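In what follows, a single structure is set out as structure tokens and then discussed.
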Amino acid sequence: VCFSQKNVFSEIEIKKSSAYVGEPIEVIVSAYTSTWFTKGVDLGNIKINGAFTVYFRSVSNSMKIDGQTYAGVRLYYHVFPYDDDDIEFPALEIKVETPDLGDFKGKKRTIKTLPRTIRIKPTPDAINADEWLVTSNLSVKENWSTNIRRVKVGDVLERSINRVAANTISELIPPVKWDSIANISLYPSRPTVENIKTKTAINGTRKDGIRYLLEKEGEIEIPEVVFTWWNPTDKQLYKRTLPSVKLNVLPNPDLGILATLQDSLSNQAIV
């Protein structure tokens, strides 16, 4: 509790003292007055070095201290650390308007809070930090642009992988790792990301795409793609695998098309 001016005070409640990179930390910032607020309390998003913050909602409430009733506003945030260094929830200056006891006219006041440190735990050694994702659930769907059972040299196969991660943000969903494949040129496309937020939760979505240019006839295997994630609720690691795909690439007498396709796809692909 931080008392700053007469009849007003604040509280900061941090639900976890330590967390993994990407693990959401709920923070509740509250302001209280012994009278009432004549103007809404709005802090907007709070900037934290090494973390993303998402503001969700404000809720009115009240509490009693030594028989005195205080009107309050609770502001709910989720903090998502993206570095493995400890982070500091900063000191705040909360500007409010509230009357003195026995008065009715709101006066401008500032409530100051103290900074709080949150310890960030290192990513487990068994997990590649570039593939680390914390989410309560991950759904994975893939789509192919054409029938991959009938392909020939010079064909371009477009593949997209869509992921929806619950209780996290799209900025923390790692990119798909595309393995190189003999006799196939790979041309990744620019990913599309989106955050879907309600008053109480947020889901991150990410769509990665790639074009495969088939350059030689014969049997080719596109390797499996493995996604792992850490569920912070049950403290378990989960895995979802998109199985490998075997292609029987048929010959194509018009091999001159390959050079044209390579130039065109190179110009479209992201670097």
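The figures follow:
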quantity: Residues satisfying the stated conditions in the range 182-197, i.e. farther than 18 Å from Val134 by Cα and assigned to a strand (DSSP E or B); calculated: Ile184, Ser185, Leu186, Tyr187, Pro188, Thr192
quantity: The range 137-161: number of residues that are of a type in the set (Gly, Ala, Ser) and crowded, with 18+ Cβ neighbours inside 10 Å; calculated: 1
quantity: Among the candidates Glu11, Glu23, residue that is assigned to a strand (DSSP E or B) and modelled with pLDDT of 90 or more; calculated: Glu11
quantity: Any chance Thr123 is touching a Cys at 6+ places or on another chain (Cβ under 6 Å), surrounded by 18 or more Cβ atoms within 10 Å (Cβ to Cβ), modelled with pLDDT under 95 and polar (S, T, N, Q); calculated: no
quantity: Set Leu101, Leu133: member being of a type outside the set (Lys, Arg), surrounded by 13 or more Cβ atoms within 10 Å (Cβ to Cβ) and in contact (Cβ under 8 Å) with a residue 12 or more places away in the chain; calculated: Leu133
quantity: Tabulated pairs, the range 223-251, first touching a residue at least 40 places away in the same chain (Cβ under 8 Å), second open to solvent by 60 Å² or more (accessible area, probe 1.4 Å) and assigned to a loop (DSSP other than H, G, I, E, B), C-beta under 7 angstrom, 6+ apart or interchain; calculated: Pro223/Asp179; Leu242/Glu224; Val249/Lys216; Val249/Glu217; Leu250/Glu217; Pro251/Glu217
quantity: Only one of Pro243, Pro223 that is modelled with pLDDT of 95 or more, farther than 25 Å from Thr168 by Cα and open to solvent by 80 Å² or more (accessible area, probe 1.4 Å); calculated: Pro243
quantity: Filter result for Thr200 (assigned to a loop (DSSP other than H, G, I, E, B) and either among the β-branched types (Val, Ile, Thr) or modelled with pLDDT of 95 or more (or both)); calculated: yes
quantity: Answer from Ile28, Ile94, Ile111 - the residue that is in a strand (DSSP E or B), among the β-branched types (Val, Ile, Thr) and surrounded by fewer than 18 Cβ atoms within 10 Å (Cβ to Cβ); calculated: Ile28
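The values are calculated or read from the model by the stated rules, or taken from the named source; none is laboratory data. Nothing here was measured: the structure is a model prediction, and the numbers come from that model. Note that we place each Cβ from the backbone using ideal geometry, even for glycine, and neighbour counts take in every protein chain shown. Areas reflect the complete protein model, heavy atoms only, side chains present, ligands, DNA and RNA absent. Shrake-Rupley method; radii C 1.70, N 1.55, O 1.52, S 1.80 Å.
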